[in-house]
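The values are calculated or read from the model by the stated rules, or taken from the named source; none is laboratory data. If you're wondering where the values come from, they're calculated on a predicted model, not measured in any experiment. Neighbour counts are summed over all protein chains in view; Cβ atoms, including those assigned to glycine, are modelled from backbone coordinates with ideal geometry.
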Amino acid sequence: MDARFVGIAELAEVPSVAVVVDVMRAFTVAAWAFARGAKKIVLSESLDDALALKTRHPDWAALKDGPPAAGFDMVNSPGMLRAADLRGRTVVQKTTAGTVGALAVKDAPLVLCASFVVAEATSRLLRTRESDNVTFVVTGEGGQADEDLACAEYIACRSTAAQADASVFLHRAAESRAAAELAQGLRQGVHPDDVALCLELDRFPFAMVAALEDSLMVLRPHAVPAQVDDAAL
C-alpha cells in the first residue's frame, strides 16, 4: 500500500481513499456516539449550520468543541459522552479539525474517519478493499499533531498486515501537545478521563465510513469481520 500523510491544507486533489484521523477528540467521540446507540453522525460545516440542522430536526443531538453552548446538547468529550443515551438518534458534530478534514475529502470514493479506538477495524477494512493508494489526513495542528500522525502510521502499518508494536505509537500520542493540554485542563469542555479514553486501542469493533447523503456528509459505523483471511486478499 502506498500511504501518504498530509495536513488538510496539503490536499491538492481528491484522493481515491482517504483516512481522516482525529484522535483527540473528534473521532474518538464519534465512535463513542455509535457505541451509545447513535444511528448516524452528520458532519457539519459550521456551528451555525449545526444549529440550523438542529432547528429543522429537534430530535437530533448537536455537539461541538469547547464549553457548553446554547442549542448544543453535548460537547466533544468522550468522557462526558460515554454516559449519554443516543439510541436511534442522529448526532450533528462540528469540531475544529476532525470534521473539517472529513469535509475536505467529501468527494473521495471512500472516506474513513479514524482514531485509536477503531484502528484495527479501520486497517482491516482497508485490507479487504485492497486499497493501493491511501491518503491519511492528519487533522490536528496543521498536519503536525503527533497523536494523529502516530495513529495514521499505525493504521497504515496494520493495513499491510504487518506486525506493529502499538505501544510505541500510543506513547507518542500520550506525549503529544494535545494530550498535555487536555490533561492540564487548558482546553474547555474536557473530562478528566478524556486522554485515557482516546488512547484505548481497538475499543470498538467497527470502522467509520463517511459519505455524502442528500448533500450532507454522513458518518456511519461499518462492521468489519474480526478475522480476515489474508491469503484471500
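Brief remarks on what is shown
- Scanning region 101-116 for residues being part of a helix (DSSP H, G or I) and either under 23 Å from GLU130 (Cβ atoms) or of a type in the set (A, V, I, L, M, F, W, C) (or both) gives a total of 4.
- Within region 83-129, tally of residues that are in contact with an Asp or Glu (Cβ under 6 Å, 6 or more places away or on another chain), under 14 Å from VAL42 (Cα atoms) and small (Gly, Ala, Ser): 1
- A search for C-beta distances below 8 Å between a residue of region 183-201 that is touching a residue at least 60 places away in the same chain (Cβ under 8 Å) and surrounded by fewer than 22 Cβ atoms within 10 Å (Cβ to Cβ) and any residue that is of a type in the set (Asp, Glu) and in a loop (DSSP other than H, G, I, E, B), counting only pairs 6+ apart in sequence or on different chains, returns GLY189/ASP65.
- Remark: MET80 falls outside the filter, which requires a residue to be without any contact (Cβ under 8 Å) to a residue 24 or more places away in the chain, under 29 Å from PHE136 (Cα atoms) and surrounded by 15 or more Cβ atoms within 10 Å (Cβ to Cβ).
- Members of region 1-55 found to be more than 14 Å from ASN76 (Cα to Cα), within 18 Å of the chain's Cα centre (by Cα) and not hydrophobic (A, V, I, L, M, F, W, C), listed by number: ARG4, GLY7, PRO15, ARG36, GLY37, LYS39, LYS40, GLU45, SER46
- Selection from region 142-182 of residues that are of a type in the set (Ser, Thr, Tyr) and either part of a helix (DSSP H, G or I) or at pLDDT 95 or above (or both): TYR154, SER159, SER167, SER176
- Residue count for region 8-63 satisfying the condition of being in contact (Cβ under 8 Å) with a residue 40 or more places away in the chain and assigned to a strand (DSSP E or B): 9.
- Any hit, region 70-86, residues being over 30 Å from ALA183 (Cβ atoms) and touching a helix residue (DSSP H, G or I) at 6+ places or on another chain (Cβ under 8 Å): no
- Subset of region 203-224 that is loosely packed, with under 15 Cβ neighbours inside 10 Å and of a type in the set (D, E, K, R) - its residue that is farthest from SER123 (Cα to Cα): ASP214
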